[in-house]
Each structure stands twice: as C-alpha cells, then as structure tokens.
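K.L.:
I have a structure I would like to understand better, so I am pasting it below and will then ask my questions one at a time.
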2 protein chains.
Amino acid sequence: MAPKIKDVAQKAGVSVTTVSRVLNGEKYVKDDLKARVKKAIDELGYTPSHIARSLVRKKTNLIGVIVPDVTSSFYATILSNIEKTASLNDYNLIVCNIIEDIDKEYKYLQVFKEMRVEGVIVMHEKLNDEIREFIDKMDIPLIFSSVKPNDQKFGSVIIDDRAAAYEATGYLIGLGHRRIAFIGGDMRDVTSGQGRYAGYMQAMHDNGIAIEQGHVRFGDYKTQSGYELMADMCGGGELPTAVFAASDDMAVGAMNCLHDKGLKVPEDVSVIGFDGSQLTELVRPRLTSMEQPIREMGQVTIEKLLDLIAGQTSREDAVLRHRLVVRDSCKAR
Amino acid sequence: MAPKIKDVAQKAGVSVTTVSRVLNGEKYVKDDLKARVKKAIDELGYTPSHIARSLVRKKTNLIGVIVPDVTSSFYATILSNIEKTASLNDYNLIVCNIIEDIDKEYKYLQVFKEMRVEGVIVMHEKLNDEIREFIDKMDIPLIFSSVKPNDQKFGSVIIDDRAAAYEATGYLIGLGHRRIAFIGGDMRDVTSGQGRYAGYMQAMHDNGIAIEQGHVRFGDYKTQSGYELMADMCGGGELPTAVFAASDDMAVGAMNCLHDKGLKVPEDVSVIGFDGSQLTELVRPRLTSMEQPIREMGQVTIEKLLDLIAGQTSREDAVLRHRLVVRDSCKAR
C-alpha cells in the first residue's frame, strides 16, 4: 500500500493539518516541524495524490495527443518536439497512437475528456461525423498539427502544401524535365493529399506541359506504396525522367524500386520527396526534398495550444515556411 | 463550462441519485427514466469525470511509459505494439520521451506516481541512485522492456544480447572473414552495450582470431556515430573486410560512409547490423541484421505488466528469441 498523509503525520509525530500545511508551502510552520515532516516524507516515499489535488485545483496539466502512427519518423519528430516544450511548461502528454483507426480516435477523445485533459492535439484529418460532433461539443482547447481538415473551427499548424508542391514540381521543370510523374498521397486528405496534387497539376499546367498516361498515381505515404507505384510505372508506357513523391517515404520506395530494376538515380530518373524527414540523409543518393519545418511544427503547435489553455481566443492558423533542400537525387537533363 | 451531473438531472427532470444509478448501470431503474437520462446526457455532451470515478474505484487504467527517444524506429515500434495491446485491455498510456535525459526520467517517474498509474514500463537502463531508490519505494508494478539494468528486482523483457552478438560475429567468420571490426554501443549499457561487445569478443576468441588495432570502437547507436567511427577506421591501418555494428542505425551509418568513400558493400566490405528495424529494408543494399522480435517485445512487455497489475508476483525475465535475417550486405570472402 502507498503511504498516506496520516502515515506521514504519525511518523513525524505531528497532526495531518501540519503535514498539509508543509505540503502547501505555508509560512509560519516552525522549522523543526518542517524538518520532521520532510524526513518522514522521504523515509516513507510519500507522494501527494495528483488526482486528489486535481479535484481541488481543477488543473490536470495533461494534454492529449492523437498520433496517426508513431513509427513514422515525421510524426515521431513532431511529437518529440511537442513533448520537449510541454515538459518545459510542466505539462504531461497522454499519447494515443491510433494506427490510422478512426474508431480508436473517437474512443481516445472520450478518454481525454474523461481525464479532463486541458488541451488536445490531433495530427490526423480523417474525421467522421461522430468525431466532428464530439469535438464540437467537447469544450476543450484543440489544435490540429500538420493537417487542416475542411470546415473546422479549430486552428491548425501547417505549411502551404499547394505552394510547396508547386515549387517542388517547378524545380524539376527548371532542371529541364518534362516527363514528370507524381506519386500522391491519400486524396481524402485536404492538405497532404489534395493540396500537393493541386500544386503539381498547377505547375505542369502553368508551364504548358501535358501529363502522360499513367504518370499520376496515389499511395498511402509509406515506402511500400512508393515502391509498388513506381513498379507499375515501369511496367508499361514511357518511363518518366523525374518523379515527385508526396512523402519522403514514398520517394525512397520509388528510388529502391528503380535501384532494384537496375536504373540509376539521378542519372536515369530524378526523384524528389516531400517532408524533410531523417530518411533524406540516410539513403544513397541522399534525397532532395521539399522540407517542412518539422521541429518548429511541434513547438508552434504546443505554444499555440498553451495560449488557448491560458484563455487566448484566436484560432488563426499558423502557416510555417517550407523550403527546398537540394541533395543528390535530382539532375539536370 | 462542462456540464455537471446536476445539469443532467435538471434537464432529465430526475434526481442526481437517479442519474448516478443509470451511470453505474444499476438494475431496477425504470426504462423511461433511463431513456430520459440518456437523452439528457447526449444533448448536453456530459461525460462522467474520470478523476472523480478514479477516486472511488481506485483504478486509473493508466500505464506510464518511459521512452529514451521516440524518433528511434526501434523504440517507436515497441511502443506502438505496447499501445495496441494496452488499448485492447482498456488501458491508456502516458508516454514520456526523455530524450536520454536522466533528470527528466526522475521527474516523470514522480509524475507517474502522482497520477496513480497502475504500472510503469521503462525502456532505458541508465539509472542513477536517485531513480533506483525511487522505484524501489514506489510500490507500483514496473517492468523493463528491451533492457536489463544491473541489480534490479524488477523483471525485464529482453533477448540474449551476448548470444545474438556471438552468432552475428560467427556468421561473418563462417563467410571467411578474419579482419572483422566491431562498432559497439554505450558500454554503460549492460545489455546492448556490454552484452553485444562480450559476444563479439568471445566469438573472435573462440575462433582464434586476433583483433586488429583500431577495429573496435564505441558509439551511441545512432547513424551519425556509425558514419564517423567507420570514417576513423578508413583513416589509417588496414581496412576490415567486415563490420559488425551493434545497431542497424550505426550499420547504415557505416555503409553510407563506405559508399561516400567509393567503397562497395558487400564487394569491398561486408556489414551486418543488429535490431531488425524498418531501416534494414529501406537501404540498398538491404541490410543483413541480427533481429530482435521487436513487435513481440512490445506485446510481451504489456502482457507481463498486466499480469503484475492483476496481482501475479513472478518477476522472471522473458528472454525472447533473436534470429539472423540474411539480406544483401554481407558476402563470402
């Protein structure tokens, strides 16, 4: 059994009220009483109950975080930076890894509410009607990180995906490429799916370049889908001279497929990714990528949420800057 | 303001006691009263306070997890599998990412105790005296996952690192290699540091192979250190024909260094890693590795912890099976 406050009082030979006064840091407690109480606390290993204190203070110092997949280096890096800043502000995270399962998201949001978390961070935009209704009524500050679902009153921390994809495609065009393929994400996603696709299409259109049959395909952001979609493209029709993938993971999958087919990157095919994850530096050739400021994204997310918890009411989005990082996977034609 | 139980009672036109009886699922509540209470709960978006209920039930359904670094794919995969099984058993995780900071670990353990978590998982073995004393007194079921610190009364879920490293080295010897270098981990770590080093040394000794000057070096498990230590080895003395790295990340770092120096893996130098992380399949050539059953490790960890929470007292270690997975990064001499 964990020791209770009365055990501390008994061991120190003082009243429960005195222990409580010492714990609450009140003045006018005699030094020798203080010393006896502290000694008893140390010896017993007593910790005041957070739960009991929460009921009194109405503060739990908890933040709930919904992560789609913690094994993705992109989300893990955001999470790691959220944690760092939260911890500096004495907040603790309850992290729920939904592994792309919307039903789990709904369940966890209910848990967050039950736990009286002070704020919620969601890194996921596949909301169903049940979830939309629930967060609408929840009355807890909420912020979306790295995504911006349609029709939500809550703020987001994002980049301009469309502009970033436009620039990534423009970079390939500037290198002289015309047969530029696109490996997109999930088109149900407003930001990373639709936004990046729209940017690619616009850049091709603005430069008067027709898109070849079979050169636009959609995956799930993961390496395996990049590999398979690239294999499909190699299966028939003319090979692209450059590929723009909507995630670094899919870009690495595409590179690996080309490698396994005996084609060289960037000599035969140039590949550009999106995200700026750790992978870009791990693969050979190192991957040129349109970088999101992943660390900053985590930090800004938690800062904005703490502002909301502190009573600030602005729900404007924070749109962070993307930037092209040129490494070794693209080549002029 | 979040609605309270009395708001539900008022809206449903019943007493607080009736609402409470409905919430607690008691029998003998008339169906029409039940329906009115449920309607009022839905309309108000009322959620019973988890905190208040915890005080009554003395169950929080929380498990605290200390992760050294969530951006490492090894830990993220274990965590993801812990989460999966915990969630199936209605437990929620409080995840604390200590980013290798022991002071943070101590702070979080205190938070866990304050929060009345029912169990604690630690994936880290750099315990200082303060932490040792604290967990000794904490009186909460605790389990170590993937590590086994010295002199601890708590159980661990691990593999036999020494035997696994012995086999990895033996594999290279079997391929005809003699100049086999070792890139080790942190020698303060009993399992992944000392255990893997001991296995390598033993295998070399048992086969009567002398270790060349400068061919044993120690890093921090990360890619960057594998890269740098390999670069040091290339800087002078005779190049090894094979390298055994104590983590896949360091193995990939070593491979990248060799690549950047114009050397070919496995034609010029064979490389074998340790862990069996996602990286092994992402790099080219694909990395041969001594695989830990990472998914199983997460699952067994949480299963053993739930047993402890349920009152089981066995604190035996679970030693899981490692296995060599041969891919494309090693070659016979």
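K.L.:
What is the Å³ per residue value for the convex hull set by the Cα atoms of the protein assembly as shown?
P.N.:
Enclosed volume per residue, from the Cα hull, is 187 Å³.
K.L.:
Choose one of A:271, A:158, A:145: the residue whose Cα lies farthest towards the positive end of the charge dipole of the range A:130-281 (beta-carbon charges +1 Lys, Arg; -1 Asp, Glu; about the Cα centre).
P.N.:
About the Cα centre, the residue reaching furthest to the positive side is A:271.
K.L.:
With both partners inside chain B, how many of the DSSP beta bridges are antiparallel, as a percent to the nearest 5?
P.N.:
Antiparallel: roughly 10 percent of the beta bridges in chain B.
K.L.:
With point charges of +1 on the Cβ of Lys and Arg and -1 on the Cβ of Asp and Glu, referenced to the Cα centre of chain A, which listed residue (A:177, A:108, A:40) lies farthest in the positive direction of the dipole?
P.N.:
Result: A:40, furthest along the dipole toward the positive end.
K.L.:
Taking chain B as a Gaussian network, where each spring joins two C-alpha atoms under 10 Å apart, which residue of B:148, B:222, B:261 fluctuates the most?
P.N.:
Comparing B:148, B:222, B:261 in the GNM, the peak value goes to B:261.
K.L.:
Taking K and R as +1 and D and E as -1, what net charge do the other residues with C-beta under 12 Å from the C-beta of residue B:132 add up to?
P.N.:
Computed value for this residue: -4.
K.L.:
Check residue B:97: other-chain or 5+ apart residues with amide H under 5 Å from its amide H, H built from backbone geometry?
P.N.:
For residue B:97, whose amide H was placed from the backbone, the distant partners under 5 Å are B:67.
K.L.:
Another question, if that's okay. Using a label point 7 Å beyond Cα on the Cα-Cβ vector, give me the inter-copy distances for residue B:212 in nanometres, one decimal, shortest first.
P.N.:
Between copies, matching label points for residue B:212 lie 4.8 nm apart.
K.L.:
Which whole-Hz ³J(HN,Hα) couplings does the range A:64-75 yield from phi under the Karplus relation 6.51 cos²θ - 1.76 cosθ + 1.60, θ = phi - 60°, glycine and proline marked x?
P.N.:
So the Karplus estimates, Gly and Pro as x, are x, 10, 9, 10, x, 6, 6, 7, 7, 5, 4, 5 Hz.
K.L.:
Can I ask one more? Treating only the Cβ of Lys, Arg, Asp and Glu as charged (+1, +1, -1, -1), what charge dipole size does chain A show about its Cα centre? Round to the nearest 20 debye.
P.N.:
So the magnitude is around 1580 debye.
K.L.:
Shifting gears a bit: Taking square-rooted eigenvalues a ≥ b ≥ c of the alpha carbon gyration tensor, is the range B:132-197 rounded, prolate or oblate, where a/c under 1.5 means rounded and, failing that, a/b exceeding b/c means prolate?
P.N.:
prolate
K.L.:
For the range B:161-292, with only Lys/Arg (+1) and Asp/Glu (-1) charged at the beta-carbon, what is the dipole magnitude about the Cα centre, in debye rounded to 20?
P.N.:
With Lys and Arg at +1 and Asp and Glu at -1, about 180 debye.
K.L.:
What is the distance in Å between the Cα centroid of the range A:254-270 and that of the range B:205-230?
P.N.:
Here the two parts' Cα centres lie 32 Å apart.
K.L.:
For a footprinting-style exposure proxy, rank A:291, A:130, B:167, B:267 by other Cβ within 10 Å, fewest first.
P.N.:
In order of increasing Cβ crowding within 10 Å: B:267, A:130, B:167, A:291.
K.L.:
Taking all pairs of distinct Cα atoms, average 1/r, flip it, and tell me the Kirkwood hydrodynamic radius of the range B:161-292 in Å to one decimal place.
P.N.:
Result for the range B:161-292 stands at 14.1 Å.
K.L.:
Do me a favour and compute the ellipsoid semi-axes for chain A from its Cα gyration tensor, root of five times each eigenvalue, largest one first, whole Å.
P.N.:
Ellipsoid semi-axes (Å, largest first): 52, 20, 16.
K.L.:
Under 16 Å from the Cα of residue A:34, which aspartates and glutamates turn up, not counting those fewer than eight places away in the same chain?
P.N.:
Partners within reach: A:7, A:26, A:42, A:43.
K.L.:
Could you tell me which residue out of A:298, A:282, A:75 lies farthest along the dipole of chain A toward its positive end? Charges go on the beta carbon: Lys and Arg +1, Asp and Glu -1, centred on the Cα centre.
P.N.:
So the residue we want is A:298.
K.L.:
Let me make sure I get this right: for the range B:60-162, a, b and c are the square roots of the gyration tensor eigenvalues over alpha carbons, sorted descending. Under 1.5 in a/c it's rounded, otherwise prolate if a/b > b/c, else oblate. Which is it?
P.N.:
rounded
K.L.:
How large is the charge dipole for the protein assembly as shown, taken about the Cα centre, if only the Cβ atoms of Lys, Arg (+1) and Asp, Glu (-1) carry charge, to the nearest 20 debye?
P.N.:
Charge dipole, the protein assembly as shown, about its Cα centre: 2140 debye, nearest 20.
K.L.:
Let me ask something else. Tell me the GluC sites (Glu not before Pro) within the range A:183-254 that lie in a loop according to DSSP and have at most 14 other beta-carbon atoms within 10 Å.
P.N.:
Of the GluC sites (Glu not before Pro), the ones in loops of the range A:183-254 whose Cβ has at most 14 other Cβ atoms within 10 Å are A:238.
K.L.:
Past 26 Å, Cα to Cα: identify those pairs from A:39/A:113; A:4/A:30; A:104/B:222; A:104/B:126; B:59/B:107; A:107/A:153, in the order given.
P.N.:
The pairs that break the limit, which is 26 Å between Cα atoms, are A:39/A:113; A:104/B:222; A:104/B:126.
K.L.:
Next up: Report the Cα centroid-to-centroid distance between the range A:133-154 and the range B:306-333 in angstrom, as an integer.
P.N.:
Between the Cα centre of the range A:133-154 and that of the range B:306-333, the gap is 41 Å.
K.L.:
Rounding to the nearest 10 and keeping the result within 0 to 90°, find how far the Cα-based axis of helix B:196-206 lies from the longest principal axis of chain B.
P.N.:
Approximately 30 degrees, to the nearest 10.
K.L.:
Here is a follow-up. How far is the Cα center of the range B:84-118 from the Cα center of the range A:276-290, in Å?
P.N.:
33 Å
K.L.:
By DSSP, what percent of the beta bridges with both residues in the protein assembly as shown are antiparallel, rounded to the nearest 5?
P.N.:
In the protein assembly as shown, DSSP labels about 10 percent of beta bridges as antiparallel.
K.L.:
In terms of modelled amide H atoms, which long-range or inter-chain residues lie less than 5 Å from the amide H of residue A:288?
P.N.:
Hits under the 5 Å cutoff: A:273, A:327, A:328, A:329, A:330.
K.L.:
Starting from the Cα gyration tensor of the range A:68-118, take the square roots of the eigenvalues, sort them a ≥ b ≥ c, and report rounded, prolate or oblate (rounded when a/c is under 1.5, otherwise prolate if a/b is larger than b/c, else oblate).
P.N.:
oblate
K.L.:
Also: Return B:209, A:183 ranked ascending by Cβ neighbour count within 10 Å, so the fewest neighbours appear first.
P.N.:
Lowest to highest Cβ neighbour count: B:209, A:183.
K.L.:
Relative to the present Cα-Cα distance, how much length would full extension add between residue B:99 and residue B:137 at 0.36 nm per residue of separation?
P.N.:
Contour length minus the Cα-Cα distance gives 11.2 nm.
We did not get these values from a lab; they are worked out from the coordinates using the rules stated. Remember, predicted model here, so these are calculated numbers, not experimental data. We place every Cβ from the backbone using ideal geometry, glycine too, and count neighbours over all the protein chains shown.
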